[in-house]
Amino acid sequence: MSLSIGIVGLPNVGKSTLFKALTKKEVLIANYPFATIDPNVGVVEVPDERLDKLSEFSKSAKKISAVVEFVDIAGLVRGANKGEGLGNQFLANIREVDAVVYVLRAFEDANIQHVEARVNPQDDFAILTTELMLKDLETVEKHLEKVKKQARGNDKEALAALPILEKIKSALSDGVMASKVEGIEYVAKELQLLTSKKGILLFNVNENSRPLIPNSEFPFISMNIREELEGAGFSDEERKELGMGRSNLPALIKLAYEILGLITFFTTGEDEARAWTIKNGTLAPEASGVIHTDFREKFIRAEVIHWGDLLEKRLTRTVGKDYIMKDGDVMEVKHGA
């Protein structure tokens, strides 16, 4: 699976610094709005000690991690839904990602401008979500006109979609994100609403920041993004020697997996040890199809064992087509010719 996460926030809150810390790519980091115009895209390996141990256990010639694509999107400002700043381009870029990390500045620094001339992460989040909801409202209203015409012609799909669209329109008008509307999944793929996407709040802090308890149902994480960049590439032991805490970047990636309902399974042997990404609840034949497309149709059975049990040299068990894959499973597929 290809997993894409958009890094979103107001200008000068640490988005590009986070992107650079994650991807080790050189990007422009500047103290003025819209330093990022075109989205920077980088692929990040998912850190997973289970894969490391399996590779060592199997004496694998190579190790292939699961990956996440991070997209550093241009900063948003008030009025983005009407095209202010780089609004229209910004919003189009968000439509392409699976989930959104909202970077919120939670530190004071007179040397770094804030586009709103103050530091208030809760207000920043309100600006971001309001702009996204206003753009979604525009999208839904346009789509509603078309669906109403189709419904008058007794189109079955339009008749089913109409009440859901009306509920989404009402919710957005009341300042409620589309993700909260029951039935959103029936129209989500077609509309690609910005506020239907899963989200994470990331508070960019420093040593003087106060503890934050967000007024949001989104999961949250705090990190000193500047320190993450300075410590990129160092081990936990080296970071400790330098007076830094443990990196929170792996925790951010893990949280992204959790909110999207993703899990990891493994294959391992002398040639390679590899991590594979699937949706939670995936059956064994579908998981085998991630390894190779032919495996799904020709699936007969699979040998499965939890990664920890494999390291302890316990026996694998044979599973059939109705087996639901678990996070941390190691699989060997048996298939027909």
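Nothing in this text is a laboratory measurement; each read-out follows from the coordinates by a stated rule. Because the structure is a prediction, the values reported are computed rather than measured. As a convention, Cβ positions derive from the backbone with ideal geometry for all residues, glycine included, and neighbour counts pool all protein chains shown.
Remarks
- Structure remark: mean-square fluctuation, Gaussian network model of the chain, C-alpha springs under 10 Å; the largest value among F299, F203, F125 belongs to F299.
- For the chain, calculated [θ]222 nm from helices alone, where every DSSP H run of n ≥ 4 adds -39500 (n - 2.57): -11500 deg cm²/dmol
- Long pairs among K62/K279; K146/K189; K146/K198; K169/K279; K198/K279, criterion Cα-Cα beyond 19 Å: K62/K279; K146/K198; K169/K279
- Rounded Å value of the spacing that divides the Cα centres of the range 179-224 and the range 309-337: 35 Å
- Within the straight-line cut-off of under 14 Å between alpha carbons, the aspartates and glutamates reachable from K326 are E258, E286, E303, D309, sequence neighbours fewer than 8 places apart in one chain being disregarded.
- Sequence-distant lysines (8 or more away, or on other chains) whose Cα lies within less than 17 Å of K63: K53
- Between I64 and D322, the FRET efficiency from the beta-carbon distance, with R0 = 30 Å, is close to 0.60.
- Shape category assigned to the range 119-244 from the gyration tensor of Cα positions, a/c cut at 1.5: prolate
- Protection proxy ranking, peptides 9-20, 281-292, average beta carbon neighbours within 10 Å, highest first: 9-20, 281-292
- Set of the range 151-194 residues, backbone N closer than 14 Å to the point 7 Å along the Cα-Cβ line of E141: 169-175
- In the range 172-209, the GluC sites (Glu not before Pro) that fall in loop regions by DSSP, at most 15 other Cβ within 10 Å: E182, E207
- Modelled FRET efficiency - R0 35 Å, E157 with D294, Cβ distances, 0.05 increments: 0.55
- Rounded if a/c under 1.5, otherwise prolate or oblate - the chain, Cα gyration tensor axes: oblate
- Listed peptides 96-106, 214-224 by packing density, highest first (mean Cβ within 10 Å): 96-106, 214-224
- Three-way shape label, the range 239-284, alpha-carbon gyration tensor, a/c 1.5: oblate
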